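Structure first, then comments.
The values are calculated or read from the model by the stated rules, or taken from the named source; none is laboratory data. Bear in mind that the values here come from a model prediction, so they are computed numbers and not experimental data. Cβ placement follows ideal geometry from the backbone for every residue including glycine, while neighbour counts extend to all protein chains displayed.
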Amino acid sequence: MNKRYEFYWSVSVPGLLALTFDQATKYFSPAYVLNQNVSFSLPFMPADATLQTLLLAILLIGISLFARWHMRNRPHILMNVSYSVLLGAALSNWLDRVMYSGVRDIWEISGLGLHNNLADWLIVLSVAVIIGVDALQQSRQK
């Protein structure tokens with residue numbers, strides 16, 4: 001496969017799948033908690049929903065720009081997929097904030113009182129993979 005197409009496939013498809021699966025799990029869930037905090041119910045300021053949405057949109061754009069720069073300068077298929085999943089999951093939660101004024105969390109972590117969804121887990125996993133691949137690339141360069 002052509003390198004250019006490989007890049008676009010590794011960037012677009014995983015993110016769209018993350019967005020679709022997260023929204024589907026929320027849609028088909030019999031119950032959910034509307035979480036106005038961030039990942040894993042951690043508090044997020046400010047309390048104003050419009051300002052939250054604006055700040056998260058700016059953050060999403062910033063992550064997108066950084067991801068594009070990082071993928072171009074340190075190309076690695078696993079890193080491209082991870083950034084794509086990260087952005088798809090973040091976009092899914094952002095869409096929830098825009099449409100519902102909070103994120104629909106469908107799972108509870110027993111004993112901790114924390115709620116989460118598939119996007120939260122995909123974000124954490126993606127960041128872990130990005131850090132791991134970046135560390136591996138840097139160690140190979142030395």
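Looking at the stretch 81-93, can you tell me whether even one residue there is modelled with pLDDT under 80 and within 25 Å of PHE28 (Cα to Cα)? Looking through the stretch 81-93, none of the residues is modelled with pLDDT under 80 and within 25 Å of PHE28 (Cα to Cα).
Restricting attention to the stretch 89-124, the residues that are over 9 Å from the mean Cα position of the chain (by Cα) and in contact (Cβ under 8 Å) with a residue 24 or more places away in the chain total 20.
Within the stretch 89-142, the set of residues being of a type outside the set (A, V, I, L, M) and touching an Asp or Glu at 6+ places or on another chain (Cβ under 8 Å) comprises SER92, ASN93, GLY102, ARG104, ASP105, HIS115, ASN116, ASN117, ASP120. For the stretch 112-142, the set of residues classified as loosely packed, with under 14 Cβ neighbours inside 10 Å, of a type in the set (Gly, Ala, Ser) and assigned to a helix (DSSP H, G or I) consists of ALA128, GLY132, ALA135, SER139, listed by residue number. Considering (1) loosely packed, with under 11 Cβ neighbours inside 10 Å; (2) on the phi < 0 side of the Ramachandran plot; (3) not hydroxyl-bearing (Ser, Thr, Tyr), the lone condition that ARG104 does not fulfil carries the number (1).
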